[in-house]
1. Applying a 10 Å radius around every beta-carbon, put 40-47, 74-81, 18-25 in order of their mean neighbour count, most first.
2. Can you work out the Karplus-derived ³J(HN,Hα) for every residue in segment 43-54? Use 6.51 cos²θ - 1.76 cosθ + 1.60 with θ = phi - 60°, whole Hz, and x for glycine or proline.
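None of the figures in this text is laboratory data; all of them are computed from the coordinates on show. Keep in mind it's a predicted model, so treat the numbers as computed, not measured. Every residue, glycine among them, receives a Cβ derived from its backbone with ideal geometry; neighbour counts consider all protein chains shown.
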Amino acid sequence: MIKYIFQCLTTKYCDFDGRASLAEFFSFWLFAFVLLYLFVAPIGMVNDKNIKSLLTIFGGMTLCYLFFPCLAVTVRRLHDGDVSGWWLLMIFTVYYIPVLFLLIILGWHERNYLEDNKYGPTLVKKNDDESEDENK
């Protein structure tokens with residue numbers, strides 16, 4: 001677990017190529033959440049303004065430092081599932097433009113669902129196949 005964390009923070013800091021195992025993905029994300037929690041949770045418990053501002057600054061710096069490794073390990077995990085890393089942009093689209101998300105989902109279902117693709121054969125029988133089966 002520790003080796004995955006150090007690997008993500010050093011050699012694979014901004015490496016968007018290749019794959020990430022499930023252990024690498026969850027180890028690094030757990031580390032990132034715990035580290036950010038250590039800076040964010042005490043902000044509400046401390047009464048001193050100087051300490052609050054110091055914790056806020058360190059939390060912001062930590063967030064900026066962990067942004068690219070978190071993005072990279074997530075893209076590599078998507079690659080492990082044979083999905084393009086560009087699908088990660090869908091999350092940002094959903095938060096800022098929900099109408100576009102609905103159009104993509106509704107329009108995507110209509111597109112090529114009757115044809116075989118790289119994920120397997122179609123699940124819906126075509127009308128020609130049904131009429132041939134009835135004639136036999």
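1. Values: 40-47: 10.9, 74-81: 17.2, 18-25: 15.2.
Ranking, from highest mean packing down: 74-81, 18-25, 40-47.
2. 4, x, 8, 9, 9, 6, 5, 5, 5, 4, 5, 5
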